[in-house]
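The values are calculated or read from the model by the stated rules, or taken from the named source; none is laboratory data. Please read these numbers as outputs of a predicted model, since none were measured by experiment. We place every Cβ from the backbone using ideal geometry, glycine too, and count neighbours over all the protein chains shown. Remember, those area values only see protein heavy atoms, side chains included, never the ligands or the DNA or RNA. Shrake-Rupley method; radii C 1.70, N 1.55, O 1.52, S 1.80 Å.
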Amino acid sequence: QVQLVESGGGLVQAGGSLRLSCAASGRTFSRYTMGWFRQAPGKEREFVAAVTWSATTTWYAGSVKGRFTISRDNAKNTMYLQMTSLKPEDTAVYYCAAEWGVKIASTTVDYWGQGTQVTVSS
């Protein structure tokens, strides 16, 4: 069992930065691929970024590539999402997710966090 708790969301002006954190419980955290997804009002949940358990591979949605950086610290059971050059269209609830293995997709995620709101004002 893995429990995920996000933090770090808030209100920021366009062009600003935020750092999200996802704290995980469970001794097998390091064996899960971890990811961030987001859901804006009236839209489907979409993939943002992911990192494999070894942190050697990361991948991003095209809309955030070059602006967001995902990382993890297995010793602290924590994953991060550094968001820079934020745009109003980045406004959404951001969810932390974990999937056993080397991939992650919204339809196969094993565990979800409760979400944290990110609002970017223009």
Scanning the stretch 63-122 for residues that are among the hydrophobic types (A, V, I, L, M, F, W, C) and out of contact with any strand residue (DSSP E or B) (no Cβ under 7 Å at 6 or more places or on another chain), which turns out most open to solvent (accessible area, probe 1.4 Å)? Ala75
If the Cβ limit is 8 Å and pairs must be 6+ apart or interchain, which residue in the stretch 50-66 that is under 13 Å from Phe37 (Cβ atoms) pairs with which residue that is part of a loop (DSSP other than H, G, I, E, B) and open to solvent by less than 60 Å² (accessible area, probe 1.4 Å)? Ala50/Ile104
For the stretch 6-19, what are the residues that are open to solvent by 80 Å² or more (accessible area, probe 1.4 Å) and out of contact with any Phe, Trp or Tyr (no Cβ under 8 Å at 6 or more places or on another chain)? Leu11, Gln13
Can you tell me which residue among Ala55, Ala75, Ala61 is closer than 23 Å to Gly16 by Cα, out of contact with any Leu (no Cβ under 9 Å at 6 or more places or on another chain) and of a type outside the set (Asp, Glu)? Ala61
Is it the case that some residue within the stretch 99-119 is more than 14 Å from the chain's Cα centre (by Cα), farther than 16 Å from Tyr32 by Cα and either among the small types (Gly, Ala, Ser) or assigned to a strand (DSSP E or B) (or both)? yes
For the stretch 5-94, list the strands (runs of 3 or more DSSP E) that sit wholly inside it and hold at least 2 residues that are over 17 Å from Ser121 (Cβ atoms); which are they? 18-25, 32-39, 46-51, 58-60, 68-73, 78-83
Output the residues belonging to the stretch 39-62 that are surrounded by fewer than 17 Cβ atoms within 10 Å (Cβ to Cβ) and among the aromatic types (Phe, Trp, Tyr). Trp59
With respect to Ala23, determine if the residue is closer than 18 Å to Gln1 by Cα, among the small types (Gly, Ala, Ser) and at pLDDT 95 or above. yes
